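Just so it is clear, none of the values below were taken in a lab; they were calculated from the coordinates. What you see is a predicted model; the values in this text were computed from it and never measured. Every residue, glycine as well, gets a Cβ built from its backbone with ideal geometry; the counts of neighbours run over all protein chains shown.
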Ligand SMILES: *Cc1c(COP(=O)(O)O)cnc(C)c1O
């Protein structure tokens, strides 16, 4: 079942788009089903859950932290995390730099931008992004690499709203890509946008990485 769904989604995605299978709340058996079908990129939104799964599962899995990260949890994932998608403050980035240095690693990060109308969604606005990039602390970092941007659209049926939010994020991504030579810490390759309900639209708006959970693993049950 999982293998078939993965296959169907992958065959509908352009070659340059990476699929992150979002396995949060799902058992390790489900991840292994996808793994045996050749899949390696998985997304989790809780550090504790991701760390436990990392310990129990094959070590060539690339773990993506897609949720909101508390600074005091960074140390637990610093030894193994492949990419942190939800970086939305300089404070958090400083902690990632510190923990990555301890591990003698460079950790891939995406800056999460606030593009939705909803108040509740995390992320930076454009002014905060510029401020972060201009800060001395950022410019001295050697153990983080900002690989791109991440964003979540408003939860709505209105396609034109979602499309305008994704297009806005894409413009921001492209403009930063043009200027990236000013920062050795920047290497703009990834635009992480699109989930089960909106990934096709996200891809038409320039997404290079989609994060899909329920369309692969089924609906989640939260207690
Ligand atoms: C849960 C989650 C997803 C996947 O959502 P689905 O609708 O199940 O595809 C994608 N991105 C983030 C940040 C998430 O928390």
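Observations
- Total residues in the range 1-58, condition surrounded by 13 or more Cβ atoms within 10 Å (Cβ to Cβ), under 20 Å from the mean Cα position of the chain (by Cα) and within 16 Å of residue 77 (Cα to Cα): 14
- Restricting attention to the range 195-204 and to residues that are in contact with a strand residue (DSSP E or B) (Cβ under 8 Å, 6 or more places away or on another chain) and farther than 15 Å from residue 64 by Cα, the residue that is surrounded by the most Cβ atoms within 10 Å (Cβ to Cβ) turns out to be 202.
- Given (1) in contact with a strand residue (DSSP E or B) (Cβ under 7 Å, 6 or more places away or on another chain); (2) without any contact (Cβ under 8 Å) to a residue 60 or more places away in the chain; (3) under 30 Å from residue 11 (Cβ atoms); (4) in a loop (DSSP other than H, G, I, E, B), index of the condition residue 207 fails: (2)
- The range 178-202: number of residues that are more than 12 Å from the chain's Cα centre (by Cα), more than 8 Å from the ligand (Cβ to nearest atom) and in a loop (DSSP other than H, G, I, E, B): 4
- Verdict on residue 5 being part of a helix (DSSP H, G or I), out of contact with any strand residue (DSSP E or B) (no Cβ under 7 Å at 6 or more places or on another chain), touching a residue at least 40 places away in the same chain (Cβ under 8 Å) and within 16 Å of the ligand (Cβ to nearest atom): yes
- Residues in the range 98-116 that are buried (at least 23 other Cβ atoms within 10 Å of the Cβ) and within 13 Å of the ligand (Cβ to nearest atom): 110, 112, 113, 115.
- For first residues located in the range 82-106 and over 20 Å from residue 188 (Cα atoms), partners that are part of a helix (DSSP H, G or I) and lie 6+ apart or on another chain with Cβ distances below 7 Å form the pairs 91/71; 95/71; 95/74; 99/74; 99/75.
- With respect to being closer than 25 Å to residue 211 by Cα and within 16 Å of the ligand (Cβ to nearest atom), residue 95 falls outside the description.
- Qualifying residue in the range 122-141 (condition: within 16 Å of the ligand (Cβ to nearest atom) and crowded, with 20+ Cβ neighbours inside 10 Å): yes
- Among the residues making up the range 203-222, those that are in contact with a helix residue (DSSP H, G or I) (Cβ under 6 Å, 6 or more places away or on another chain), farther than 20 Å from residue 84 by Cα and within 14 Å of the ligand (Cβ to nearest atom) are 216, 217.
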